[in-house]
1. Suppose R0 equals 41 Å. What FRET efficiency, 1/(1 + (r/R0)^6) with r the Cβ-Cβ distance, do residue 218 and residue 498 give to the nearest 0.05?
2. Please name whichever of 397, 380, 348 sits farthest to the positive end of the charge dipole of the range 346-398, dipole taken about the Cα centre and charges placed at Cβ: Lys and Arg +1, Asp and Glu -1.
3. For the peptides 292-304, 318-330, what is the packing order when you average, over each peptide's residues, the other Cβ atoms within 10 Å and list the highest mean first?
4. Using a basic spin-label model with each label point 7 Å from the Cα along Cα→Cβ, how many nm lie between residue 86 and residue 241?
5. Once you sort the root eigenvalues of the Cα gyration tensor of the range 96-151 as a ≥ b ≥ c, which label holds: rounded (a/c under 1.5), prolate (a/b larger than b/c) or oblate (the other case)?
6. With bins 10 Å wide starting at 0, give me the P(r) of the range 35-192 over every alpha carbon pair, in whole percents.
7. For the range 457-550, what is the accessible area per residue in Å², given a 1.4 Å probe and the full set of protein chains?
8. Of the listed peptides 37-46, 143-152, what is their order by residue-averaged count of other C-beta atoms within 10 Å, with the highest listed first?
Amino acid sequence: MRPPALCLLLPLMAFCWAAGCRSLGTGPHSGWLTPRDEADRLCQEAAALEKAGSDRCVDWYFAATRLRWQSLAALPPGLCDGGDWRAYNTALADLLQSAWRCRRLDATRGLLIRDGPRQATIPVVQHGFPWNNCDFQRLLPPPRGHNSLLRRYYDCPGAGLPFVVLRARDPHSPAEVRFLPEQSSFAATALLRFDDHLATDEGAGAVLEFYNPLTVRKLRLDCGETPLAADLTAPLAEALADNPRTYFAGFLQPGGGRDAPRLQFLEPYQPGKIPVVLVHGLFSDPQAWADMTNDLRADPAFADRFQIWMFRYPTGQGFLQSAARLREELAAASELLDPAAADPALRQMVLIGHSMGGLIAKLQITHSEERIWSQVANRPLEAIVTTEQTRLFLAKTAYFDPAPQVRRVIFIATPHAGSLPSSAVFGEGVSHLVKPSPEQAAMHRQLIDDNPGVFNPLIERRFPTSIDLLTPGSPLLEVMRQLRINPCVQLHNIVGVVRPLSLDGPSDGVVSAASAEHPGCQSALAIGAKHAEVHRAPQASVEVLRILNEHWQVAGCGG
């Protein structure tokens, strides 16, 4: 039997608790509910309003999100668990997605909330982005499903709701038109924070925050230090799904324009961060770097210190032409982004080249002198009978000095002495499928017709394809081994080895370990992977991160 005093106290406690619960939410209430039950009820009513096409669903979802937040805030520090944050994130997801559909959310103006005749605009605050508020043009949930180009996934639970943000390129910005893709996707984690100190005359007492999960990993909240929820892989998965690969057309029709040579940035240029330029190989495109890009960006130190650029080029054309275009793109980036040469990070670039991309990278750090031209023709360039436009093209291709921006190169499965002899027959057959553009075909006919007996027999037959230049014993590759390298540049090598028993010795199936060797490398690592997989292996990413950390310490751009 209960003591009389307790019998009187229990109803009073229940009344006070219920009254407190009612005061937490907004909107109509039915009955006396706990904050969690009340949030569930509000979400159900909001869903019904949304189904009916009413934008009032936004206000009900907002009230439910407030209750979820207050439930979290009421917990003692350190006792917030994954279930509490999942409930809050679910309510926030419903709120933001409905607000976006109802045009009540604008990243520049804020989130519009109505309560009867009163309305409030929840301000939007960014943390750690190279993007502006106006760049948040569309919010998407992380894509579901598996992408074959992404073997590893980086996400973590915690506070906030991960999103993929889509942003269209500004056609009026010369830098964006030249270096950003038509559409960029990036990661963001949203958090709707409620605090009475944030209240204004308009009400609300809340702020909608977007965090960059690449640079912000933890939050300090009333319930203690909490990991920020993040999905770092989602933007890459979204970009890969929206961009079909075109490398085959870029090989067969290198002058067709679909894979026109260009440098592309993953994010806007960020002063102080060293560019890491990824150069893909034969029969490939920048999407082949998805695994390594994913691995690198998941490392907090990398995100703080480096920015990723990628060089796309049609792989069917001779790599001397592609190397010339990369030199032009690097010079243009430096001039356009930093005309006063005030950013030392732009003079500490790191090039990473896979397969033929390693040869293109090497041609950024060497002096050609007369060695390249001597393999092209037996007469000085000035004596060639041609137009000035063609002469300029030949000069850019055969005469060059090291790009002053580059200070380190990492070779990955690079055929410095050519591909395996066993692949030569196949390569010769495939190279005949490469079709030059009409302009290049006309240029070739003019050079050969007006300069008989002057050009190398390989060039007399046709403009050399990339495969022609990669055959074992290629005179160009032999000359490239003799080119002087900028002494300020550090070299590193990553080699694939999966076939130790063959006439060519250990190899990755396409390039022998002996061909991949290069003198003067500061480090060399052998990985048990096939040629097309070496740069996708996790060991390669770990080694690249180690080298980049070493580069940062030496470059000293951070201090």
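1. So the FRET efficiency works out to roughly 0.50.
2. 348
3. Working: 292-304: 19.1, 318-330: 22.2.
Answer by packing, highest mean first, reads 318-330, 292-304.
4. Once both label points are built, they end up 2.2 nm from each other.
5. Numbers: a/c = 3.69, a/b = 1.83, b/c = 2.01.
Taking the square roots of the gyration eigenvalues as a ≥ b ≥ c, the range 96-151 is oblate.
6. 9, 33, 34, 18, 5, 0
7. On the way: 4310 Å² over 94 residues.
About 46 Å² of surface per residue is accessible.
8. On the way: 37-46: 20.6, 143-152: 12.8.
Answer by packing, highest mean first, reads 37-46, 143-152.
The values are calculated or read from the model by the stated rules, or taken from the named source; none is laboratory data. Just so it is clear, the model here is predicted, and its values are computed rather than measured. With ideal geometry, Cβ positions are generated from the backbone for all residues, glycine too; neighbour counts draw on all protein chains shown. The accessibility values were calculated without ligands, DNA or RNA, using every heavy atom of the protein model including side chains. Shrake-Rupley method; radii C 1.70, N 1.55, O 1.52, S 1.80 Å.
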